[in-house]
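Novice: I have a structure here, written as structure tokens, and I will follow up with some questions on it.
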């Protein structure tokens, strides 16, 4: 799998993304064609090499008539009219709509009455569609991001002077790991935040990959630190899939065991990947329970809220790690006992595990008045003849 990793140590903006893509080998002509398709006769995309804190990078500028603005519906119609594959147009519209929805929520206005101000300018459209097209041209299949540096100080907007980050940026980056350096500048813009929200599958450290290309996109200002977005492009060598998860743990020794079933259900409803209980011996030899939750990082806060509200614990330990996993597929299988869903575990091109779904087997056992273990045995035997396994 070919992957891209945005290293946002100095934030991210739309023009920084375009600069990083060009620096990594994307032809500038891609954007010229895009402008022609949009019929933006007074718009131009240029790039040049600049230095930021003595590091050479690519700076992209989108120039157009300052009076040329578009309403939300017009911008979406422009995207829909592009000569692009349907999936690229849909992804571009999704990112642009996330910007609009953030503004709608902040200002409590409808899409029809919302004034876009900075977001109505043509460079926003070029940044978003150019990023989607550029990543596709480079063959990127999955996008990661680092923690995101928001910057500091204050920023002037059409709605007034706000502390960094801008309101739309904070709304878009819900669930992302962010921090603020001591740099007095807006490092992450709403457009950059929307691009991350729409494209990034995972957040965390640089994933294992065979590094092929590196691109540096320059920010507009030359700051005391390198105002750059670094883009790493490479291929994952492993046939296993990979994502980032949080592990939440807490020891409890003063709660009725009857409550754990309810808490476990609540945690699963909030998006946990796994919840389990382990018997432990605590201080003064008191028997206790270690509650462990594995969850996506963006579900961490919701699940912490459940744990603190529903248990007697006063603290939760949190660790963040990488999860390696088999590719999984669910298929319908017509067994001699009836139709069941089968969960397949796939390593590379090989099926290495196959198991019937528990709920389907339970339904069949009750309907046929058979022991559940017998239902499992019959269906497992029939599956083994249907799906091939690799030779060891």
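Novice: Which residue, of 93, 59, is within 16 Å of residue 28 (Cβ to Cβ) and under 28 Å from the mean Cα position of the chain (by Cα)? Please lay out each step first, then the result.
Specialist: Numbers: 93 fails: within 16 Å of residue 28 (Cβ to Cβ).
59 is the lone residue from the list that is within 16 Å of residue 28 (Cβ to Cβ) and under 28 Å from the mean Cα position of the chain (by Cα).
Novice: For the structure I just gave you, tell me whether residue 321 is farther than 30 Å from residue 372 by Cβ and in a loop (DSSP other than H, G, I, E, B).
Specialist: Working: farther than 30 Å from residue 372 by Cβ: yes; in a loop (DSSP other than H, G, I, E, B): no.
Spelling it out, it is not the case that residue 321 is farther than 30 Å from residue 372 by Cβ and in a loop (DSSP other than H, G, I, E, B).
Novice: Yes or no: the range 87-100 includes at least one residue that is in the same structural domain as residue 168 (by TED's automatic domain parsing), surrounded by fewer than 18 Cβ atoms within 10 Å (Cβ to Cβ), in contact (Cβ under 8 Å) with a residue 60 or more places away in the chain and more than 14 Å from residue 122 (Cα to Cα).
Specialist: Within the range 87-100, one or more residues are in the same structural domain as residue 168 (by TED's automatic domain parsing), surrounded by fewer than 18 Cβ atoms within 10 Å (Cβ to Cβ), in contact (Cβ under 8 Å) with a residue 60 or more places away in the chain and more than 14 Å from residue 122 (Cα to Cα).
Novice: Looking at the range 38-45, can you tell me whether even one residue there is more than 27 Å from residue 221 (Cβ to Cβ) and touching a helix residue (DSSP H, G or I) at 6+ places or on another chain (Cβ under 7 Å)?
Specialist: Keep residues of the range 38-45 that are more than 27 Å from residue 221 (Cβ to Cβ), which gives 38-39, 41.
Right, trim to touching a helix residue (DSSP H, G or I) at 6+ places or on another chain (Cβ under 7 Å) and you get 38.
Yes, the conditions are met somewhere in the range 38-45.
Novice: Restrict the check to the range 287-299 and report whether at least one residue is assigned to a loop (DSSP other than H, G, I, E, B), surrounded by fewer than 16 Cβ atoms within 10 Å (Cβ to Cβ) and touching a residue at least 12 places away in the same chain (Cβ under 8 Å). Talk me through it step by step, then tell me what you get.
Specialist: Step one: filter the range 287-299 for residues assigned to a loop (DSSP other than H, G, I, E, B), giving none.
No, that holds for no residue.
Novice: While we're looking at this one, here's another question. In this structure, is residue 238 in a loop (DSSP other than H, G, I, E, B) and modelled with pLDDT of 95 or more? If you could, list the steps in order and put the result at the bottom.
Specialist: On the way: in a loop (DSSP other than H, G, I, E, B): yes; modelled with pLDDT of 95 or more: no.
Against the criterion (in a loop (DSSP other than H, G, I, E, B) and modelled with pLDDT of 95 or more), residue 238 does not qualify.
Novice: Could you tell me whether residue 338 is assigned by TED's automatic domain parsing to the domain that holds residue 357, out of contact with any strand residue (DSSP E or B) (no Cβ under 8 Å at 6 or more places or on another chain) and farther than 27 Å from residue 253 by Cα? Give the steps one after another, and end with the answer.
Specialist: Values: assigned by TED's automatic domain parsing to the domain that holds residue 357: yes; out of contact with any strand residue (DSSP E or B) (no Cβ under 8 Å at 6 or more places or on another chain): yes; farther than 27 Å from residue 253 by Cα: yes.
So residue 338 passes the test.
Listed here are the residues, each with its yes/no results for (1) more than 18 Å from the chain's Cα centre (by Cα); (2) assigned by TED's automatic domain parsing to the domain that holds residue 24; (3) farther than 23 Å from residue 100 by Cβ.
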position: 178; (1), (2), (3): no, yes, no
position: 186; (1), (2), (3): yes, yes, no
position: 199; (1), (2), (3): no, yes, no
position: 204; (1), (2), (3): no, yes, yes
position: 207; (1), (2), (3): no, yes, yes
position: 213; (1), (2), (3): yes, yes, yes
position: 221; (1), (2), (3): yes, yes, yes
position: 225; (1), (2), (3): yes, yes, yes
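Novice: Moving to a separate point now. Can you name the residue in the range 179-208 that is part of a loop (DSSP other than H, G, I, E, B) and buried (at least 20 other Cβ atoms within 10 Å of the Cβ) and is also modelled with the lowest pLDDT among such residues?
Specialist: Taking the range 179-208 first, the residues part of a loop (DSSP other than H, G, I, E, B) are 180-185, 187-189, 204-208.
When the remaining residues are screened for being buried (at least 20 other Cβ atoms within 10 Å of the Cβ), the result is 183, 185, 187-189.
Details: 183: 88, 185: 91, 187: 95, 188: 96, 189: 94.
Out of the qualifying residues, it is 183.
Novice: Next up: With the structure loaded, tell me whether residue 256 is closer than 21 Å to residue 164 by Cα and surrounded by fewer than 16 Cβ atoms within 10 Å (Cβ to Cβ) or whether it fails that test.
Specialist: On the way: closer than 21 Å to residue 164 by Cα: no; surrounded by fewer than 16 Cβ atoms within 10 Å (Cβ to Cβ): yes.
Spelling it out, it is not the case that residue 256 is closer than 21 Å to residue 164 by Cα and surrounded by fewer than 16 Cβ atoms within 10 Å (Cβ to Cβ).
Novice: Hey, could you check the range 28-40 for residues that are part of a helix (DSSP H, G or I) and without any contact (Cβ under 8 Å) to a residue 40 or more places away in the chain and say which is surrounded by the fewest Cβ atoms within 10 Å (Cβ to Cβ)?
Specialist: Quick first cut of the range 28-40, residues part of a helix (DSSP H, G or I) only: 29-38.
Still in the running and without any contact (Cβ under 8 Å) to a residue 40 or more places away in the chain: 29, 32-33, 36.
Values: 29: 9, 32: 13, 33: 12, 36: 12.
Checking each candidate, the answer is 29.
Novice: Only one residue in 19, 25 is touching a residue at least 40 places away in the same chain (Cβ under 8 Å), within 17 Å of residue 232 (Cβ to Cβ), in the same structural domain as residue 223 (by TED's automatic domain parsing) and assigned to a loop (DSSP other than H, G, I, E, B). Which one?
Specialist: Working: 19 fails: assigned to a loop (DSSP other than H, G, I, E, B).
From the options 19, 25, the qualifying one is 25.
Novice: Related question: Loosely packed, with under 12 Cβ neighbours inside 10 Å and closer than 29 Å to residue 147 by Cα: is that true of residue 309 in this structure?
Specialist: Working: loosely packed, with under 12 Cβ neighbours inside 10 Å: yes; closer than 29 Å to residue 147 by Cα: yes.
It is true that residue 309 is loosely packed, with under 12 Cβ neighbours inside 10 Å and closer than 29 Å to residue 147 by Cα.
Novice: How many residues does the range 325-380 contain that are assigned to a helix (DSSP H, G or I) and closer than 28 Å to residue 294 by Cα?
Specialist: Our first condition is that a residue be assigned to a helix (DSSP H, G or I); within the range 325-380, this holds for 358-368, 372-380.
The next check asks that each one be closer than 28 Å to residue 294 by Cα; those that pass are 358-362, 376.
The total comes to 6.
Quick grid of which residues meet (1) outside any strand (DSSP E or B); (2) touching a residue at least 12 places away in the same chain (Cβ under 8 Å):
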position: 211; (1), (2): no, yes
position: 220; (1), (2): yes, yes
position: 224; (1), (2): yes, yes
position: 257; (1), (2): yes, yes
position: 260; (1), (2): yes, yes
position: 266; (1), (2): yes, yes
position: 279; (1), (2): no, no
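The values are calculated or read from the model by the stated rules, or taken from the named source; none is laboratory data. Being a predicted model, the structure only gives us computed values, none of them experimental. We place every Cβ from the backbone using ideal geometry, glycine too, and count neighbours over all the protein chains shown.
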